[in-house]
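Q: Pasting in a structure now, in structure tokens, and then I'll have a few things to ask.
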Number of protein chains: 2
Amino acid sequence: MSTLPKLSDRHVDARNYPPGVSFMDGQYLPIHEAKLSVLDYGFLHSDATYDVVHVWKGAFFRLDDHLDRFFRGMGELHMSIPYDRAQVAEILHNCVALSGLENAYVEFICTRGTSPDFSRDPRDAENRFIAFAIPFGSVANKQQLEKGLHLAVTDILRIPALSVDPTVKNYHWLDMIKALYVAYDLGADTAILVDGSGDISEGPGFNVFVIKDGAVSTPGASVLLGVTRQTVFEICKEMRLECQVRAISRSDLLNADEVFITSTAGGVMPVSKVDGRSIGSGAIGTQSKRIMDRYWQLHDAPRHRTPVSYA
Amino acid sequence: MSTLPKLSDRHVDARNYPPGVSFMDGQYLPIHEAKLSVLDYGFLHSDATYDVVHVWKGAFFRLDDHLDRFFRGMGELHMSIPYDRAQVAEILHNCVALSGLENAYVEFICTRGTSPDFSRDPRDAENRFIAFAIPFGSVANKQQLEKGLHLAVTDILRIPALSVDPTVKNYHWLDMIKALYVAYDLGADTAILVDGSGDISEGPGFNVFVIKDGAVSTPGASVLLGVTRQTVFEICKEMRLECQVRAISRSDLLNADEVFITSTAGGVMPVSKVDGRSIGSGAIGTQSKRIMDRYWQLHDAPRHRTPVSYA
């Protein structure tokens, strides 16, 4: 038998990470030092909820809506943290300010945590709060934002609400990941999953909208109630565009005049192709462009802005 | 505006963890030093597969079967690691030997990992292998093993195979966690989830078996193909007990002569109550007891044992 290897004192991690700042266990840390125990049930059972808010030109956008959803999600999962809403807001603020990022992707997470004896009873675990700010990221890259994304509609079922409540933002993404690989094989940029009726559900990190004969619509079942989705509802109201939450079939999507997707990671993003077929003229639709522009304009509205005080 | 807090150099973690040894990034570490970046998609998207093998009286039990399942799962998820089967076996061996544990719970994991620019494309990530050995744990505690567990059959749908392949061992447990809280509210010890037909599926970390009129059966759809489940099939064959994989209804479970559950974490574990009703006589069933005893006897069979060489 060979000699056993030596036990190291400390983990050395040679990987590269993006710039950014994290908060955990009362400490603000460079993102490359923000590490979670491999025994945390947020990892081992994906027993966690989270939210992502973005900072644009030095201000949070719709921070209150993200805080609402996060605290509601923790309640649904029987989790609690030693910080109230104002304290969480302050932590997020500090992460961004310390990172110096003017445009940031800010994620905040509550995990089930760990228990000293690795108990399998979730009630025995001490929940853990983590937050981090890294550079703003998008579902679509620059070229895709300019030319429109190519979506593939897969036959993969989005995890049903009878299993996992989609309105509690969660990390159950293996269905999404599988759909992405299917989409890549078909030459598409990203994927759409279906619901139990075979209708359009959502994609990896985004909601989907179609426009037909001037009316906007988006699915209501088995989807995350996205904050950007909500913003689009408000924009439609303001622009007096009809906007409906309804079942959308694959053929509704293929035959739409315009299609776009929404996410905190990227905002309103145009779609130019579905399953290899051009949508409308194949260029970014007129109404989609108006909604996109208005979405970014709204970032200057004081009611949605929470400015960051950089040191 | 207040002054910003100070950025710490290193994360200080005051929590207590069980004893144990982990391997990651080429290093063997005390378990309390084994930490995963908060940006790892194994955490942020639960984009990971894993397996758990146990060590009993200084030897791995059915190590080959767990390695088979793990490597198959990685293939299904388009993941790869720089270690082959023999190297993974050696790493697991070293974790156990360095921990000194005679009875251990040994988990090995492949996560999607991270990419330096936080790309959302899973193909850009560098996959990460993690292993750890901690003290052997069980779904059932000592008292439950002696008196039998109390199961609650919930109406929560186990995540369907059309969403996430249950034969690729994964961390999507929010349906299980929700079911556990339902079970606790009903005074039960643990929970059963149902499949799309309303039949019995599985519970948090275990398969379910019923015995009726001398015949053993267990569900085949929407369940993990457990190694302990497989061992029970072999035991039944050896004992000339009829054993079927078939749909099992809630009423089949309630009217069974005996019920037991199986998991690497605990082996074969008796059930004495379902939904508050006693199963059979309410004591541990005769056949269940024989199967349990044989399960532990089999740990001495050379064909299933891979001994650990402690330093």
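Q: Among A:Phe260, A:Phe136, A:Phe43, which one moves the most in a GNM of chain A with springs linking Cα atoms closer than 10 Å?
A: Comparing A:Phe260, A:Phe136, A:Phe43 in a Gaussian network model of chain A, the most mobile one is A:Phe43.
Q: Which three numbers, in whole Å and largest first, are the semi-axes of the equivalent ellipsoid of chain B derived from its Cα gyration tensor as √(5λ)? Spell out each step's value before the answer.
A: On the way: eigenvalues 244, 111, 74 Å².
After scaling each eigenvalue by five and taking roots: 35, 24, 19 Å.
Q: Relative to the other copies, what are the label-point distances for A:Arg72, with labels 7 Å from Cα along the C-beta vector, expressed in nm at one decimal and sorted shortest first?
A: For A:Arg72, the inter-copy label distances come out at 4.1 nm.
Q: Let me ask you something else. Which distances in nm, rounded to one decimal and ordered from shortest, link the label point of A:Glu234 to the equivalent label points in the other identical copies, with labels set 7 Å from Cα toward Cβ?
A: For A:Glu234, the inter-copy label distances come out at 6.1 nm.
Q: Also, I was wondering about something else. Which of B:Cys236, B:Cys110, B:Cys95 moves most in a GNM of chain B, Cα contacts under 10 Å?
A: B:Cys236
Q: Divide the volume of the convex hull of the Cα atoms of the range B:142-299 by its number of residues and quote the answer in cubic angstrom per residue.
A: Numbers: hull volume 16.2 nm³, N = 158.
Taking only Cα atoms, the range B:142-299 has a hull volume of 103 Å³ per residue.
Q: Between copies, how far does the label point of A:Ala247 sit from its twins, in nm, shortest first, when each point is 7 Å from Cα along Cα→Cβ?
A: Copy-to-copy label distances at A:Ala247, shortest first: 2.3 nm.
Q: Sort B:Trp296, A:Trp56, B:Trp173 so that the residue with the fewest other Cβ atoms within 10 Å of its own Cβ comes first and the one with the most comes last.
A: Taking fewest neighbouring Cβ atoms as first place, the list is B:Trp296, A:Trp56, B:Trp173.
Q: Continuing with this model, one more query. Among all the lysines, which ones have a C-alpha under 22 Å from A:Lys142's C-alpha, if same-chain residues fewer than 8 places away are not counted?
A: Answer for A:Lys142, where 22 Å is the Cα cut-off: A:Lys57, A:Lys273, A:Lys289, listed by chain and number.
Q: By the scheme Lys and Arg +1, Asp and Glu -1, what is the net charge of all other residues having a beta-carbon under 10 Å from that of A:Pro135?
A: Values: positive: none; negative: A:Glu102, B:Asp117.
After counting each charged neighbour, the total is -2.
Q: Just how large is the dipole of the range B:21-135 about the Cα centre, in debye to the nearest 20, putting +1 at every Lys and Arg Cβ and -1 at every Asp and Glu Cβ? Don't skip to the end; give the middle numbers.
A: On the way: 10 positive and 17 negative charges, 37 e Å.
My answer is approximately 180 debye.
Q: In chain A, if the dipole is taken from +1 on Lys/Arg beta carbons and -1 on Asp/Glu beta carbons about the Cα centre, which of A:Phe209, A:Ala86, A:Ala256 is farthest to the positive end?
A: Of the options given, the answer is A:Ala256.
Q: Under the definition of Cα pairs under 8 Å and six or more residues apart, what whole-number percent is the relative contact order of the range A:108-237? Each step should come with its number before you reach the end.
A: Values: 164 pairs, mean separation 25.0, N = 130.
Relative contact order of the range A:108-237: 19 percent.
Q: Evaluate Rg over Rh across the range B:94-156, taking Cα atoms for both radii and Kirkwood's formula for Rh. Don't jump to the answer; show the numbers that get you there.
A: Details: Rg = 18.9 Å, Rh = 15.6 Å.
That ratio is 1.22, to two decimals.
Q: If Rh is defined by the Kirkwood formula over all Cα pairs and Rg also comes from Cα, what ratio Rg/Rh do you get for the protein assembly as shown?
A: Working: Rg = 25.2 Å, Rh = 25.6 Å.
We get a ratio of 0.99 for the protein assembly as shown.
Q: Taking every residue in B:123-132, how many Cβ atoms of other protein chains lie within 10 Å of its Cβ, on average?
A: Working: counts 3, 0, 0, 2, 0, 2, 0, 2, 1, 2.
Partner-chain Cβ atoms within 10 Å, mean over residues of B:123-132: 1.
Q: Suppose only helical runs count, i.e. DSSP H with n ≥ 4. What mean residue ellipticity at 222 nm does that imply for the protein assembly as shown under -39500 (n - 2.57) per run, divided by all residues and rounded to the nearest 500 deg cm²/dmol? Could you put the intermediate results ahead of the total?
A: Numbers: 16 runs with 160 residues, N = 622.
About -7500 deg cm²/dmol.
Q: Hey, another quick one. Under the Kirkwood approximation for Rh and a Cα-based Rg, what ratio Rg/Rh is obtained for the range A:124-197?
A: On the way: Rg = 15.8 Å, Rh = 14.8 Å.
With Rg and the Kirkwood Rh in hand, the quotient comes to 1.06.
Q: Sticking with this one: Where the only charges are on Cβ atoms (+1 Lys, Arg; -1 Asp, Glu), what is the dipole of the range B:142-299 about its Cα centre, to the nearest 20 debye? Spell out each step's value before the answer.
A: On the way: 16 positive and 18 negative charges, 64 e Å.
So the dipole magnitude of the range B:142-299 works out to roughly 300 debye.
Q: Any idea what % of Cα-Cα pairs in the range B:21-135 are farther than 16 Å? Before the final figure, lay out the partial values.
A: On the way: 3777 of 6555 pairs.
That tail contains 58 percent of the Cα-Cα pairs.
All of the numbers you see were taken from the coordinates with simple rules; none came from a lab. Just so it is clear, the model here is predicted, and its values are computed rather than measured. Note: ideal-geometry Cβ built from the backbone for every residue, glycine included; neighbour counts use all protein chains shown.
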